[in-house]
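Engineer: First the structure, then my questions, so here it is.
The values are calculated or read from the model by the stated rules, or taken from the named source; none is laboratory data. Remember, it's a predicted structure, so these values are computed and weren't measured experimentally. So basically every Cβ, Gly included, is an ideal-geometry build from the backbone, and we count neighbours across all protein chains shown.
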Amino acid sequence: MTDVNWISGSIGLGVAGLILYLVRRDHLHSRYAIWWISAAVAMGLLGLFPSLVDWIGNRLGVHYPPVIPLILGMAILVLKILLMDIERSRTEVKLNRLVQRVALLEARLEQQHKPKQ
Amino acid sequence: MPNIVILIPAHNEAASIGKVLRDIRRQVDHPVVVIDDASEDDTIAVARDAGAQVLPLAAHLGAWGAMQTGIRHALRQGYDYAVTMDADGQHQARYLSRLIEPVVLETADVTIGAYPSRGSQPRKLAWSVLRRLSGLKMEDITSGFRGYNRRAMALLAQRGATLLEYQDIGVLALLCRHNLRLLEVPVNMGPRHDGHSRVYRSWAMVAYYMAYSLILGASKRCRLTTVAPS
């Protein structure tokens, strides 16, 4: 294994450690941690054993294997961002409905406390 | 006596809301609910002083978010009909009865106070593009001066309508998809008290509005023809 392998591999493992720390400190929902840990492990593995890429490339018949992680990574990122926006839209609906409901309740409370004329 | 409520969303309209409410009071006797869209001025106090009930939103939801709050309120309180108006004085109280009449008489589920002659040349061009794209064959797609019956209100109160930002294309497409009968009622509109539109405040906002509406119109396309006035 060359020095470069160790460097890229430890970046992946470092990210995995950081994610565990964030979950431990309640900065990151465990649900999202599943995704990020998997990503970090993949980074670590590919960093430590870059020959994995060549092996996969040969099996799939790709002439220039280094593009595999690039293309795959890009595709997964786009998918992830799309899912994030879907999730965000859902959260926004929840938040807006909640703001609306609070206003309705506030109005009703005020009505009840109004002195009878 | 039909059970009607008047809904007015307001965002920083302290300067005009008082006059709007007094004009309404002079014309009709229906309860008026002002939905305050997190105003930073005295909108709430002015509206209360003028005798309206106020629904105070804790965060800014935009014109449609505020309107939907009013519609949910109307449904919960058991009103059969709702009229929606702008707080800037554009919509005139003297047309209220004319607007709600077809809904009460059940010739339409929704009425739209239409004043297509307003707006500049480029704005009219934009509207005709939106009309063509969305399939909504109406004179005035942006008017917020409308009358709704309970069926229309129930549709619009749904969760699925919460993420809309404006009350034009998205709302009309939803009504159209459920085959509600829409009727345009010709009205005159006054100048806004503060003189400018909130939707078309800057070029960036116009661009955003157009892009948003084009996507919404294309994705929710619905063939709509309004019912003929009886």
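Engineer: Identify the residue in the stretch B:107-160 that is within 14 Å of chain A (Cβ to nearest Cβ) and either part of a loop (DSSP other than H, G, I, E, B) or of a type in the set (Phe, Trp, Tyr) (or both) and, among all such residues, is nearest to the chain's Cα centre (by Cα).
Structural biologist: In this case the residue turns out to be B:ALA157.
Engineer: Considering the stretch B:1-24 alone, what residues qualify as being more than 25 Å from B:ARG151 (Cβ to Cβ) and without any contact (Cβ under 8 Å) to a residue 60 or more places away in the chain?
Structural biologist: B:ASN12, B:ALA14, B:GLY18, B:LEU21, B:ARG22
Engineer: Can you confirm whether A:TYR32 is closer than 30 Å to B:THR162 by Cα and assigned to a helix (DSSP H, G or I)?
Structural biologist: Taking the combined requirement at face value, the residue satisfies it.
Engineer: Of all residues in the stretch B:36-65, which are assigned to a loop (DSSP other than H, G, I, E, B) and among the aliphatic types (A, V, I, L, M)? Walk me through it before giving the result.
Structural biologist: So in the stretch B:36-65, the residues assigned to a loop (DSSP other than H, G, I, E, B) come out as B:37-42, B:50-52, B:57-61.
Matches in the stretch B:36-65: B:ALA38, B:ALA50, B:ALA52, B:LEU57, B:ALA58, B:ALA59, B:LEU61.
Engineer: Also: Can you name every residue in the stretch B:68-82 that is under 12 Å from B:PRO9 (Cα atoms) and out of contact with any strand residue (DSSP E or B) (no Cβ under 6 Å at 6 or more places or on another chain)?
Structural biologist: Answer for the stretch B:68-82, where residues must be under 12 Å from B:PRO9 (Cα atoms) and out of contact with any strand residue (DSSP E or B) (no Cβ under 6 Å at 6 or more places or on another chain): B:GLN68, B:ILE71.
Engineer: Taking the condition in a helix (DSSP H, G or I) and surrounded by fewer than 20 Cβ atoms within 10 Å (Cβ to Cβ), does B:MET205 pass?
Structural biologist: The answer is yes for B:MET205.
Engineer: Further, regarding this structure: Tell me which residues, restricted to the stretch B:63-95, are at positive phi and either buried (at least 20 other Cβ atoms within 10 Å of the Cβ) or among the polar types (S, T, N, Q) (or both).
Structural biologist: If the condition is that a residue be at positive phi and either buried (at least 20 other Cβ atoms within 10 Å of the Cβ) or among the polar types (S, T, N, Q) (or both), then B:GLY89 is the only one that fits.
Engineer: Please verify whether B:GLY119 is surrounded by fewer than 21 Cβ atoms within 10 Å (Cβ to Cβ) and of a type in the set (Gly, Ala, Ser), treating the condition exactly as stated.
Structural biologist: In short, yes.
Engineer: State yes or no: is B:VAL104 of a type in the set (Val, Ile, Thr), away from chain A (no Cβ under 12 Å), out of contact with any helix residue (DSSP H, G or I) (no Cβ under 9 Å at 6 or more places or on another chain) and over 17 Å from A:LEU104 (Cβ atoms)?
Structural biologist: In short, yes.
Engineer: Just give me the residues in the stretch B:66-88 being touching a Lys or Arg at 6+ places or on another chain (Cβ under 6 Å) and either in a strand (DSSP E or B) or modelled with pLDDT under 95 (or both), in sequence order.
Structural biologist: Residues satisfying the conditions are B:THR84, B:ASP88.
Engineer: Something else: State which residue pairs qualify: first residue within 12 Å of chain B (Cβ to nearest Cβ) and inside the stretch A:82-94, second residue part of a helix (DSSP H, G or I) and surrounded by 10 or more Cβ atoms within 10 Å (Cβ to Cβ) in any location, beta carbons under 9 Å apart, and separation of 6 or more residues or different chains.
Structural biologist: A:VAL93/B:ARG159; A:VAL93/B:GLY160
Engineer: Here are B:ALA108, B:ALA66: which of them is within 20 Å of B:ALA173 (Cα to Cα), touching a Pro at 6+ places or on another chain (Cβ under 7 Å) and free of Cβ contacts under 8 Å to residues at least 60 places away in the same chain?
Structural biologist: Checking each option against the conditions leaves just B:ALA66.
Engineer: Looking at the stretch A:102-111, which of its residues are surrounded by fewer than 13 Cβ atoms within 10 Å (Cβ to Cβ) and either touching a Lys or Arg at 6+ places or on another chain (Cβ under 9 Å) or more than 9 Å from chain B (Cβ to nearest Cβ) (or both)?
Structural biologist: Hits for the stretch A:102-111 are A:LEU105, A:LEU109.
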